[in-house]
Amino acid sequence: MNILMLDLMGSLIVGDLQYTFIKLGHKCKFFQYVLRDKEWNEEFATVLRKELQEGSFDMVYATNYYPTVAKVCYLNNIPHCCWVYDSPPEISSTETMDYPTNRIFFFCKNDYLIFKNIHGLDTVYYLPLAVNTDRLDKINRTDRYACDISLVGGLYKSGTLLGYKSIMTPEQQQYVDAMIQVQITRAGSGVIDAALTPDFVNGVKKHYLELSEKAIQPEKAHLFYAICAHIAHVERLALLRLFGDRGYDTRLFFGKIKDEDRELLAGHKVKLCESVSYEMEMPQVFKSSKINLNPVLRANRGGIPLRAVDVLGCGGFLLTSHQEEMEEYFRSDEIATFATIEEAVDKADYYLAHESERILIARKGYEKVKKDFSYEERAKMLIEKCM
């Protein structure tokens, strides 16, 4: 196959996938473009049309779903393959998703089922993410990143929820606080999903309109994500502070952080480190940390995130919040999971004190993803559906 590989927003997986396509004998052309308007961008559409007309491609690949790409491929009758690695996916409308040229893959089974069963689309598929151990095996650990516990990633924002709550009624604010208190003691996001009833959401919107006819009208999805981001913020801060207070060498690798969060973590002896590159530095962190912490954003309703398979593909020890799909693919001797902050702390204490068990679990986790999460098998599936 002759494949046009699009990187439109800085995809983390497109490089490994291109490597794999070429390894399997396919031809690839790599094309980068900063696509700021996903729905329709005439300038980009013109460039893409020209590429398709001149390149004689058999398939166009993009990470995540972009209606602009779908429309151009449909009008040129070329298979459009995309692999969505964000959950929940940033898809505002299903208007273009039923094009027969689309092959849309979701890493999260819940997202796939929503578009398959609720929206009735036949152009969607379920495909867990992959890891390129060929690349990762060539990267060595380094004393520079050696530590007890590391967290690579942001703290998420709580400000959006605080903004929503600031104009809710006192009763609505109390209701949101109650659902957060209950949900944070349980895995997943089932409490939030159930608590954000149509009556509650409509009541919030009605109250906003009573305050101003120009008030925002948040849907369930907006409130759901804001609450999940707030919980992620609280959960990550709590875990890092507790590990720092226990005297563990705890490090956060981040891009941006609020001054108050910086001061809070520094006060609990958490080492704040600059963000690391995905290709080289991040694997070094995973290989050099005794425990790689992965509290999953609860808005991801069950999928195995890229961070998890990347840690395992590096042979790192993974301590991750429980995800439903992990039960389908991993045994308890291949990864360590937690449902609550307390359980995470208990397991970190245990595995830092039992090195041989920790190393054995990390090795088994590596063997699992090398065998069952390879890019070769995933790439073959993508190709098969586009032939």
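Would you mind ranking ASP177, ASP7 so that the residue whose beta carbon has the fewest other beta carbons within 10 Å leads the list? Don't skip to the answer; put the middle values down first.
Numbers: ASP177 11, ASP7 20.
By the 10 Å Cβ count, ascending, the order reads ASP177, ASP7.
State the extension gain, in nm to one decimal, for the chain segment bounded by GLU324 and THR185, taking 0.36 nm per residue of separation less the distance between their alpha-carbons.
Working: separation 139, 0.36 × 139 = 50.04 nm, distance 1.63 nm.
Once the chain is fully extended between GLU324 and THR185, it gains 48.4 nm.
Counting other C-beta atoms within 10 Å, and keeping those with at most 15, which DSSP coil trypsin sites (Lys or Arg not before Pro) do you find in the stretch 287-374?
Working: sites: LYS287, LYS290, ARG298, ARG301, ARG307, ARG331, LYS347, ARG358, ARG363, LYS364, LYS368, LYS370, LYS371; in loops: ARG298, ARG301, ARG331.
Counting only loop positions with at most 15 other Cβ atoms within 10 Å, the trypsin sites (Lys or Arg not before Pro) in the stretch 287-374 are ARG331.
Using the scaling law 2.2 N^0.38 Å as the reference, what is the normalised Cα Rg of the chain?
Compared with the compact-globule rule of thumb, the chain sits at 1.04.
Would you mind giving the three semi-axes, in whole Å and largest first, of the ellipsoid equivalent to the stretch 2-127 according to its Cα gyration tensor?
Values: eigenvalues 94, 58, 38 Å².
For the stretch 2-127, the semi-axes come out at 22, 17, 14 Å.
Where in the chain are the DSSP H helices whose C-alpha atoms run 24 Å or more along the long axis and whose mean Kyte hydropathy is at least 0.5? Mind showing how you got there, number by number?
Working: long enough: 220-245 (37 Å, 0.70); 355-372 (26 Å, -1.24).
Both cut-offs are met by 220-245.
Sort LEU4, LEU264 by Cβ crowding within 10 Å, fewest neighbours at the top. Please list the in-between numbers first.
Values: LEU4 23, LEU264 15.
Ascending number of Cβ neighbours within 10 Å: LEU264, LEU4.
Using 0.36 nm per residue, how much length does the chain from GLU367 to ASP37 gain when fully extended, once their Cα-Cα distance is taken away?
On the way: separation 330, 0.36 × 330 = 118.80 nm, distance 4.04 nm.
Stretched out fully, the GLU367 to ASP37 stretch lengthens by 114.8 nm.
Could you list GLU281, GLU260 so that the one with the fewest beta carbons within 10 Å of its beta carbon is first and the one with the most is last? All intermediate terms of the calculation are to be shown ahead of the outcome.
On the way: GLU281 19, GLU260 8.
Fewest-to-most Cβ neighbours within 10 Å comes out as GLU260, GLU281.
For a quick check of your reading of the filter: which trypsin sites (Lys or Arg not before Pro) in the stretch 1-110 sit in a DSSP loop and have no more than 12 other Cβ atoms within 10 Å?
Working: sites: LYS23, LYS27, LYS29, ARG36, LYS38, ARG49, LYS50, LYS71, ARG103, LYS109; in loops: ARG36, LYS38.
Counting only loop positions with at most 12 other Cβ atoms within 10 Å, the trypsin sites (Lys or Arg not before Pro) in the stretch 1-110 are ARG36.
At 222 nm, what value in deg cm²/dmol follows for the chain if DSSP H runs of at least 4 each add -39500 (n - 2.57) and the sum is divided by all its residues, to the nearest 500? Walk me through the intermediate numbers first.
Details: 17 runs with 182 residues, N = 387.
Computed mean residue ellipticity for the chain: -14000 deg cm²/dmol.
If you put +1 on each Lys and Arg Cβ and -1 on each Asp and Glu Cβ, how big is the dipole of the chain around its Cα centre, in Debye rounded to 20?
Numbers: 47 positive and 54 negative charges, 117 e Å.
Using Cβ point charges on Lys, Arg, Asp and Glu, the chain gives about 560 debye.
Quick one: length gained pulling ILE118 to GLU376 fully straight, 0.36 nm per residue minus the C-alpha distance?
Numbers: separation 258, 0.36 × 258 = 92.88 nm, distance 3.10 nm.
Contour length minus the Cα-Cα distance gives 89.8 nm.
Based on a Kirkwood Rh over C-alpha pairs, give the Stokes-Einstein translational diffusion coefficient of the stretch 237-311 at 4 °C and viscosity 1.567 mPa s in µm²/s. Mind showing how you got there, number by number?
Values: Rh = 13.6 Å.
Reported coefficient: 95 µm²/s.
Can you say what percent of the DSSP beta bridges in the stretch 1-130, counting only those with both residues inside, are antiparallel? Round to 5. Working shown, then result.
Numbers: 0 of 22 bridges.
Antiparallel: roughly 0 percent of the beta bridges in the stretch 1-130.
More than 26 angstrom separation, counting every C-alpha pair in the stretch 268-387; what % is that? Before the final figure, lay out the partial values.
Details: 1579 of 7140 pairs.
Of all Cα-Cα distances in the stretch 268-387, 22 percent exceed 26 Å.
All of the numbers you see were taken from the coordinates with simple rules; none came from a lab. As the structure is a prediction and not an experimental result, all values here were calculated from the model. For neighbour counting, all protein chains shown are included, and Cβ atoms are generated from backbone atoms with ideal geometry for every residue, glycine included.
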